[in-house]
Amino acid sequence: MQNVELNFPKYEFTSILGWSISRYELFDKCKRQYFYQYYPKYVKDVPQYRIAKLKALTTVPMEAGTAVHDCMEALLARLQKSDSSINEEKFFKYADDKLREYLSTKTFIETYYKQTDTLDAAAASEKVRVCLDNFLNKSPRFSWLYMEAINNKTGWMIEPPGYGETRLNGMKAYCKMDFLFPVDDKVYILDWKTGAKDHVKHTAQLMGYAAAANSNFSIPWNRIIPTIVYLYPEYDELEIVFKGEDELTGFFDTIKTQTEEMQSFCKDADQNIPKDISEFTPSPVPALCRNCKFQELCERPAGNL
């Protein structure tokens, strides 16, 4: 697949909801939070500016992860332009500057809900540095990119724009890939992770990436190599190789079932119009509320958070 350029197709807009790992995970965890996140315009008696403010809340771990993703994107873009050595001092400074920008311009759940008085910027900076150092100096993947993948760098797709809309076995879905690129007759997909390992969730994510690559680019299954790249606390990878579409039969059945579950909370599934908020009950696990953006809107007493 030398000199191949890969671009996601554009799909005609439809109102029907699209499945994604993150959407269903939130639906399964807390249906009230799911309502606030995905159906804010249907929230009554709360000004939309307030909903928007709460939706914009973030956490320090999330922003550390965002900084790492932005730095990986910049690193790959740099490799596309030049294969000269990376100045690590400048690279790490770039990472620190990115993180400081996010910590100074965003509003955090930790301080908004008074879980802490100050953000631990030093710990976040150290995590970002460890992630990037693990990739540059403690993984075989970086050298492999230099030696192998760079030979067809015009075919790299780095952090493609949009939400990664695709079709999985004909169903609307979203699979946002971090990095997709051809090497010889294979297409590799890398997804960066800075949080905890979750074999079940991440395996499903890789299946979605493979199905999206097959659907969008007509790449044979046995030529698609999707990989989760764990950058923290140590470097590790989770890779799967497919022989054929039959290996994903159960995965497609799961997507169909989960999509139907979410649609069952719509009074008009075709237009993606939800039922009343009263149908979306809060999580039965109060401990989950601590990291919820919308906890101040929930009727659960603050003492149970």
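The values are calculated or read from the model by the stated rules, or taken from the named source; none is laboratory data. Everything quoted here is computed from the prediction, not taken from an experiment. Positions of Cβ are backbone-derived with ideal geometry, glycine not excepted, and every protein chain shown enters the neighbour counts. With ligands, DNA and RNA removed, areas are computed over all heavy atoms of the protein, side chains included. Shrake-Rupley method; radii C 1.70, N 1.55, O 1.52, S 1.80 Å.
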#### Entry: Calculated mean projected area of the Cα convex hull in nm² (choose from (i) 14.8; (ii) 13.9; (iii) 16.8), label
(iii)
#### Entry: TYR163 versus GLU88: modelled label distance in nm, points set 7 Å from Cα along the beta carbon direction
4.0
### Query
Want the number for GLU25 to VAL43: 0.36 nm per residue separation, take away the alpha-carbon distance, what's left?
4.4 nm
### Query
Who wins for biggest fluctuation among TYR188, TYR235, TYR42 in a Gaussian network model of the chain, springs between alpha carbons below 10 Å?
TYR42
### Query
For the cross-link pairs LYS44/LYS176; LYS81/LYS127; LYS55/LYS114; LYS93/LYS153, which exceed 22 Å when the distance is taken from alpha carbon to alpha carbon?
LYS44/LYS176; LYS81/LYS127; LYS93/LYS153
### Message
Within 14 Å, Cβ to Cβ, of TYR49, how many net charges do the neighbouring residues add up to if Lys/Arg are +1 and Asp/Glu are -1?
### Response
+3
### Message
Starting from 0.36 nm per residue, how many nanometres of slack lie between LYS10 and LYS153 once their C-alpha separation is accounted for?
### Response
49.2 nm
#### Entry: Residues listed by number, the range 138-182, amide nitrogen under 20 Å from GLU234 label point at 7 Å toward C-beta
138-143
### Message
With the crude spin-label approximation of a point 7 Å out along Cα→Cβ, what separation in nm comes out for LYS106 versus ALA56?
### Response
1.3
### Query
Within straight cross-link reach of LYS267, meaning Cα distance under 15 Å, which aspartates and glutamates are found once same-chain residues fewer than 8 apart are removed?
ASP276, GLU279
## Note on the structure
XL table LYS90/LYS138; LYS243/LYS293; LYS41/LYS193; LYS31/LYS197; Cα-Cα > 30 Å flagged, in table order, is LYS243/LYS293; LYS41/LYS193
### Task
Under a cut-off of 14 Å between alpha-carbon atoms, report the aspartates and glutamates in cross-link reach of LYS10, not counting same-chain residues fewer than 8 places apart.
GLU165
### Fully extended contour minus Cα-Cα distance, from ASN222 to ILE277, at 0.36 nm per residue
15.3 nm
#### Entry: Average accessible area per residue (Å²) across the chain - probe 1.4 Å, nucleic acids and ligands excluded
51
### Task
Output the Cα-based Rg and Dmax of the range 107-231 in Å, rounding Rg to one decimal and Dmax to a whole number.
17.5, 53
### Query
With each label point set 7 Å from Cα along the Cα-Cβ vector, what nm distance links ALA123 and THR254?
3.2
### Query
For the range 154-283, what % of the accessible area comes from carbon and sulfur atoms, probe 1.4 Å?
47
